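Note sheet for the following structure.
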Amino acid sequence: MLCSYASLTVIVRGADPTSYGHIIPRPIGAFLTDSCTASLYSVYILALGYWALVILQGAALMELPTHLKSLETAAITFVWAFYIAYNMSLFAFKGFQP
């Protein structure tokens with residue numbers, strides 16, 4: 001789902017690739033860029049959690065341990081909160097400078 005969202009944002013941003021703001025307004029393009037990055041980092045975190053589980057329990061995967069599941073959730077929440085806060089803090093400066 002996260003990879004599909006990242007692909008969709010790349011396709012949508014492809015309509016205005018140089019970010020002139022003629023087709024997609026610059027703040028929306030910036031949000032799509034930041035959310036694409038956050039979704040790709042989320043996929044990386046989930047992949048890292050999967051490989052940590054394989055290393056801990058071997059190839060016979062049973063269930064994700066609680067500490068690993070909570071660490072993944074906390075890391076993904078931090079990544080999304082960071083990118084949303086970063087995007088909102090610079091919203092006034094993305095595309096509205098004279």
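Taking the conditions exactly as written (surrounded by 14 or more Cβ atoms within 10 Å (Cβ to Cβ), touching a residue at least 24 places away in the same chain (Cβ under 8 Å) and more than 10 Å from the chain's Cα centre (by Cα)), does Ala52 satisfy them or not?
For Ala52, the condition - surrounded by 14 or more Cβ atoms within 10 Å (Cβ to Cβ), touching a residue at least 24 places away in the same chain (Cβ under 8 Å) and more than 10 Å from the chain's Cα centre (by Cα) - is not met.
In segment 6-29, how many residues are surrounded by 15 or more Cβ atoms within 10 Å (Cβ to Cβ) and either touching a strand residue (DSSP E or B) at 6+ places or on another chain (Cβ under 8 Å) or closer than 23 Å to Ala75 by Cβ (or both)?
Kept after step one, since they are surrounded by 15 or more Cβ atoms within 10 Å (Cβ to Cβ), are these residues of segment 6-29: 6, 9, 12-13, 16, 19, 21, 24-29.
Those left that are additionally either touching a strand residue (DSSP E or B) at 6+ places or on another chain (Cβ under 8 Å) or closer than 23 Å to Ala75 by Cβ (or both): 6, 9.
The qualifying residues number 2.
Would you pick out the residues in segment 1-57 that are of a type in the set (D, E, K, R) and assigned to a helix (DSSP H, G or I)?
Filtering segment 1-57 down to residues of a type in the set (D, E, K, R) leaves 13, 16, 26, 34.
Scanning segment 1-57 gives Arg13, Arg26, Asp34.
Assess whether Cys36 counts as being among the hydrophobic types (A, V, I, L, M, F, W, C), farther than 21 Å from Ala85 by Cα and under 10 Å from the mean Cα position of the chain (by Cα).
Values: among the hydrophobic types (A, V, I, L, M, F, W, C): yes; farther than 21 Å from Ala85 by Cα: no; under 10 Å from the mean Cα position of the chain (by Cα): yes.
Taking the combined requirement at face value, the residue does not satisfy it.
Look through segment 58-81, keep the residues that are assigned to a helix (DSSP H, G or I) and surrounded by 14 or more Cβ atoms within 10 Å (Cβ to Cβ), and return whichever of them is modelled with the lowest pLDDT.
Let us first name the residues in segment 58-81 that are assigned to a helix (DSSP H, G or I), namely 66-81.
Pick out the ones that are also surrounded by 14 or more Cβ atoms within 10 Å (Cβ to Cβ) and you get 68, 71-72, 75-76, 79-80.
Details: Leu68: 85, Leu71: 92, Glu72: 92, Ala75: 96, Ile76: 95, Val79: 96, Trp80: 94.
In this case the residue turns out to be Leu68.
The values are calculated or read from the model by the stated rules, or taken from the named source; none is laboratory data. Nothing here was measured: the structure is a model prediction, and the numbers come from that model. Quick reminder, even Gly has a Cβ in these numbers, built from the backbone with ideal geometry, and neighbours come from all protein chains shown.
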